[in-house]
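Some notes on the structure that comes next.
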Amino acid sequence: MTNIIVRRTEPTDASALKQIFEGEQCYSQTLQLPHPSLKLWTDRVADIPDHIHSFVAQTDDDVIGNISIAMQLRARRRHVATLGIAVKEEWIGHGVGPLLLERAVDLCDNWLGIHRIELTVFSDNERAIALYQKFNFVIEGEAIDYAMRNGRFENVLHMARLANPR
């Protein structure tokens with residue numbers, strides 16, 4: 001079994017993140033566009049704002065996944081964070097997603113005081129939906145024709161996880 005570590009995203013990860021997000025599986029299942037530039041990723045990780053917490057999964061010298069948590073800045077939504085995750089195509093199904101999600105949930109629950117984690121996921125992404133449900137995310141609704149993908153408008157599910165559900 002390969003040793004996978006999860007660590008903070010660093011500016012030197014820009015090229016590796018570009019490689020992850022230029023994978024068809026990744027840009028098709030996220031709201032990213034195909035063919036990201038290195039400058040885009042260099043700029044994103046050069047100075048990550050304080051309200052965003054970003055981590056990568058790494059094996060040896062290969063970055064194989066990324067998760068970001070964006071804490072809401074509006075006063076009445078400071079208990080909320082949004083989440084985005086991506087895994088390098090050849091590592092999908094090898095436990096990278098759960099490792100990243102475990103780190104994000106722990107940070108939100110035990111260190112940031114986040115009560116609610118929100119995300120959107122394409123409604124046909126059964127693997128991701130099942131992963132989120134294992135971490136107690138629930139489907140709260142569906143948005144019709146939410147985003148364009150491969151020339152068609154596609155639906156997404158809105159999912160959320162409460163730290164201490166009522």
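The values are calculated or read from the model by the stated rules, or taken from the named source; none is laboratory data. This is a predicted model, so every value here is computed, not measured. Note that each Cβ is placed from the backbone with ideal geometry, even for glycine, and that neighbours are counted across all protein chains shown.
Points to keep in mind about this one:
- Only a single item in (1) surrounded by 15 or more Cβ atoms within 10 Å (Cβ to Cβ); (2) under 19 Å from PHE137 (Cα atoms); (3) out of contact with any helix residue (DSSP H, G or I) (no Cβ under 7 Å at 6 or more places or on another chain); (4) of a type outside the set (Asp, Glu) is not met by THR59, and it is number (2).
Conditions tested, residue by residue: (1) surrounded by 12 or more Cβ atoms within 10 Å (Cβ to Cβ); (2) modelled with pLDDT under 95; (3) within 14 Å of the chain's Cα centre (by Cα).
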position	(1), (2), (3)
MET1	no, yes, no
ARG7	yes, no, no
ASP13	yes, no, no
TYR27	yes, yes, yes
LEU31	yes, yes, yes
SER37	no, yes, no
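- Filter result for ALA16 (without any contact (Cβ under 8 Å) to a residue 40 or more places away in the chain and of a type in the set (A, V, I, L, M, F, W, C)): no
- Filtering the stretch 61-93 to residues that are touching a residue at least 40 places away in the same chain (Cβ under 8 Å) and either touching a Lys or Arg at 6+ places or on another chain (Cβ under 6 Å) or part of a loop (DSSP other than H, G, I, E, B) (or both) leaves ILE64, LYS88, ILE92.
- Matching residues, the stretch 116-137, being aliphatic (A, V, I, L, M) and either surrounded by 13 or more Cβ atoms within 10 Å (Cβ to Cβ) or within 14 Å of ALA81 (Cβ to Cβ) (or both): ILE117, LEU119, VAL121, ALA128, ILE129, LEU131
- Scope the stretch 66-86; condition more than 9 Å from the chain's Cα centre (by Cα) and either closer than 13 Å to ILE4 by Cα or among the aliphatic types (A, V, I, L, M) (or both); matching residues: ALA70, MET71, LEU73, ALA75, VAL80, ALA81
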